[in-house]
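J.: Have a look at the structure that comes next, please.
The values are calculated or read from the model by the stated rules, or taken from the named source; none is laboratory data. Here the structure is a predicted model, which is why all the values come from computation and not from measurement. Note that each Cβ is placed from the backbone with ideal geometry, even for glycine, and that neighbours are counted across all protein chains shown.
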Amino acid sequence: MVVYSGGQTVEMRGAEVVAPGGVRLPIYYAPQQFEYDYQVIIPQRPLAPNTTYHVRFDITVAGTWLTNEWDFSTGATISGGGGSGGGGAPPTASDNGLHSAWVSQTAVPALQPAATRSVSLLFRNSGTKTWQKGVAGSEVALGINGDNTSFSALGMNVGWPSANRVAAQNESAVPPGGIATFTFAIKAPFTGGLVNIPLRPVVDGVAWLEDQGVVVPVVTTVDYHSRWLTQSPYPTLHAGQVSGTLSISFLNAGSEAWTKGLLGQEARLGVNRDNETWAGLGVGWPSANRVAFQSEASVPPGAVGTFTFQVRAPMTPGTYAINLRPVIDAVTWMEDQGVFLYVTVIP
């Protein structure tokens, strides 16, 4: 068990208990309850008496990656007698020779929605069998623990072999003691916040390898903001007349770029509250409540995005007010600054 004071959050990346000779013992990871400044592991079977073990915790404490490791020894114990057959050592489970140990992984920076990033994780072959790429029953894949497919459903899957397998080993063969690399791409979800992808090596059709609590943390930052700058003069039109090209410009007042053509990053000029009342006035609008997409290929923070469009005047004279507002579809509306387009219709 490790405990940190001061209310520091302790997140598990992986842990191990190693017996003499380098054998890694199967362990349980105890869930945190009530507090988050500690982590606990428990051997799945009783430890041998009068034996020295090595324990290692790879943890993240308040955002900083740390490793705590030490040795400890068990004291003498007395084995109780068995059943009618008397005492003796308990039977040992057969070993399939497939074992792994986490080595390292790529740190993933905070991403804006829909941004992609390549990630690599390294695992050591700590068993006795060679991992062979492309060979059924021998190739090691990196699976999502528990065969969870929800991360694919979030849109984070970028060319993975399947909805719950992110990659297969890169190397053609990884002998015992060798290191395998698993490289794959992820896409940040549209919703801001932290998503931990739990990963674990697996030989499909044979066995999962050790669960060391390995996760890839993906932080999505949503920081889209805008400020109205200028717009064309309000048009005065005859009934049914099509306007010339109108434009409205907004400053990118956030910290993330607007990228044309990429859902989750493209800025669009929408009719506020998704109102479709004015759909009949649209001339070439992208949809009934989207007036235009950004004109520029990219609008970095501090730059200006322009939205150009046309309208058709209604058949009834009067003044019509269309409330407009920038939006990053699938992510968030930007500031509502009371921007209107007033269309005056004369006979």
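J.: Out of the residues in segment 238-283 that are closer than 25 Å to Val304 by Cβ and β-branched (Val, Ile, Thr), state the one that is surrounded by the most Cβ atoms within 10 Å (Cβ to Cβ).
T.: My answer is Val271.
J.: With respect to Phe340, determine if the residue is of a type in the set (Phe, Trp, Tyr), in a strand (DSSP E or B) and without any contact (Cβ under 8 Å) to a residue 24 or more places away in the chain.
T.: Values: of a type in the set (Phe, Trp, Tyr): yes; in a strand (DSSP E or B): yes; without any contact (Cβ under 8 Å) to a residue 24 or more places away in the chain: yes.
Yes, satisfied.
J.: Further question on the same structure: Among (1) in a loop (DSSP other than H, G, I, E, B); (2) of a type outside the set (D, E, K, R); (3) not assigned by TED's automatic domain parsing to the domain that holds Ala313, where does Val218 come up short?
T.: Unmet condition: (1).
Condition check ((1) among the polar types (S, T, N, Q); (2) at pLDDT below 95; (3) over 22 Å from Gly192 (Cα atoms)) across all residues:
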| site | (1), (2), (3) |
| --- | --- |
| Gly270 | no, no, no |
| Gly284 | no, no, yes |
| Ala303 | no, no, yes |
| Thr319 | yes, no, yes |
| Ala330 | no, no, no |
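J.: Looking at (1) in contact with a Ser or Thr (Cβ under 9 Å, 6 or more places away or on another chain); (2) over 18 Å from Arg13 (Cα atoms); (3) surrounded by fewer than 15 Cβ atoms within 10 Å (Cβ to Cβ), which one does Pro235 not meet, given that it meets all the others?
T.: Result: Pro235 passes all but (3).
J.: Another question, then. For residues that are in a loop (DSSP other than H, G, I, E, B), touching a Gly at 6+ places or on another chain (Cβ under 9 Å) and closer than 14 Å to Arg227 by Cα, tally how many sit in segment 321-337. Before the answer, list the steps.
T.: Taking segment 321-337 first, the residues in a loop (DSSP other than H, G, I, E, B) are 329-331, 334-337.
Within this subset, residues satisfying the condition of being touching a Gly at 6+ places or on another chain (Cβ under 9 Å) are 329-331, 334.
Those still in the list that are closer than 14 Å to Arg227 by Cα too: 334.
Adding up the residues that qualify gives 1.
J.: Here is a follow-up. Taking segment 143-173 as the search range and keeping residues that are of a type in the set (S, T, N, Q) and part of a loop (DSSP other than H, G, I, E, B), which one is surrounded by the most Cβ atoms within 10 Å (Cβ to Cβ)?
T.: Ranking the candidates gives Gln169 first.
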